[in-house]
1. In nm, to one decimal, how far is the modelled label at Glu97 from the one at Arg226, with both set 7 Å along Cα→Cβ?
2. Taking a point 7 angstrom from the Cα of Leu437 along the C-beta vector, which residues in region 392-406 have backbone N less than 19 Å away?
3. Based on the Cβ-Cβ distance of Thr148 and Glu283, what FRET efficiency does E = 1/(1 + (r/R0)^6) give at R0 = 25 Å, to the nearest 0.05?
4. Using Cα pairs closer than 8 Å and at least 6 residues apart in sequence, work out the relative contact order for the chain, in percent.
5. Test of understanding: given the chain, find the longest segment containing no GluC sites (Glu not before Pro) that are in a DSSP loop and have at most 12 other Cβ atoms within 10 Å.
6. For the pair Glu40/Asn252, report the inter-label distance in nm, with labels modelled 7 Å from Cα in the Cβ direction.
7. Compute the label zone of Glu360 within region 280-307: residues whose backbone N is under 14 Å from the point 7 Å along Cα-to-Cβ.
8. Measuring from a point 7 Å past the Cα of Asp400 along Cα-to-C-beta, which residues in region 281-321 have an amide N at less than 18 Å?
Amino acid sequence: MTTKKEPYVPVTPAVTSDINFLDHGLQNCPYHAYRLLRDEEPVWIDPITGFYVITRFDDLRGVLLDPSNFSNDMRAGGSSRERIDNERAVRMMQLYEEKGWVPGATLAGRDDPNHKQMRAMFNEAFNPRKINGLDPFVRDTAYKLVDTFVDKGSCDWVKEMAVPLPLIVIGQQMGVPEEDIWQIKAWTDAWVQRLGMMQSEEEERWSVEMEIEAQHYFQRIFERLRKQPDDTLLSDMVNRVIPEWGRPLTDNELHAEMMADTFVGGSETTTNAIAYGVKLLIENRGIWWKLKSDPEKYLRTFCEEVVRLESPVQGLFRRAARDVEIHGITIPEGAMVNVRFAAANRDEREFDDPDQIDLERAKPGRHLGFGSGVHHCIGAPLARRELYWAFHALVHRIEDMEFTSGQNSFECARNFSLRALTELHINFEVISADQRLDPSKMTSASKATDMPNPSEL
């Protein structure tokens, strides 16, 4: 017997003092809280974490474009919560030391000049020529995945499309066998749960041990690639000497990159956008039929609107490098600043009808779903292709769709920073086999999925 899943009951705080971003009920629908903060306390001091939360578009973009005042280096300062949990953090570090490798600073966790020097290595892997070359693989993978379940008339969209597509693509770039992606997914899930700041110490220990298990898996690959380099991004990461450093990345740095900037950064966020995109289409029937009427015209904008509306990364962090004042609030040197992308992406001061999908929206790429400034997501062009082809396969294989009755709670995973559906069960009417497009005969999506023009950013 299947147990019916009840939809979540959203939490709608009446005043800013009721807001708690560690409350799962609020996480399921945080947008009322975001509006409250934008209107009443655009620089909000979270009483639980000690974070300075930024929610307005212009303020948040200003922080992202000001690395001299807002650092990506998280090693200085600390919130009240961090200081309280310091002993626990020490115990986690001891676990890494005893069983694996203590993760080094990631690309995202560095400031210039080290960030720029390290990013040059990734720039080569994600340059337009190489991303264009990946386009047929992304297209074919998306259609292959849809074709494995389309004739069933139902699927768990998260498990059968949203998760495997970006994982297979980043795995191909990294030279990881496709049969290992579900094990890698288990490791990245554990890492993401730890990032989410909502684990008990016992749960965090489990996450660290899972990451250490992943470290030993990747360590064998590092050692092989040092002896036998190949043409994968991972081989380049392992062997390339960063000129300014006079050395390649250390094992500790490589292990940090595996989880943070490649497999989590290269799959998890795209997974979340692909999942929420289908939820939005079922909830907005007019948008679905408009997208069906002319997918080549509207797909690119739809992808951007999904990232804007349901920001896969709800927020990340910066450190105040010195005392900085915003809206009369002094953010002290060393304080943790939480830049809340999801709040900024629905700011009425920046967007018309910000809570609605608008397939005719001017400058659809003008959102902060991929960040901004020197730390703008390096994988954004690839993510856009994955989104494009996932939804392209959807509209060209499925005539109509609906949620599977009683099978969805629509709850997001417990996480302070990321927004993710853990499942999405749908039923659908399929397009007849004789009317289905052959993906191998389709033209490249490069024009539809290129980075927005600078004027859009």
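1. According to this spin-label approximation, the distance is 2.2 nm.
2. Zone members listed by number: 392-401.
3. Numbers: r = 26 Å, r/R0 = 1.02.
According to the calculation, E is roughly 0.45.
4. On the way: 695 pairs, mean separation 119.2, N = 457.
With pairs under 8 Å counted, the relative contact order is 26 percent.
5. Numbers: sites that count: Glu244, Glu360.
My reading of the result: 1-243 is the longest stretch.
6. 4.5
7. Backbone N within reach: 287, 290-291, 298.
8. 281-294
Computed from the coordinates by the stated procedures, all read-outs in this text should not be read as laboratory data. Here the structure is a predicted model, which is why all the values come from computation and not from measurement. As a convention, Cβ positions derive from the backbone with ideal geometry for all residues, glycine included, and neighbour counts pool all protein chains shown.
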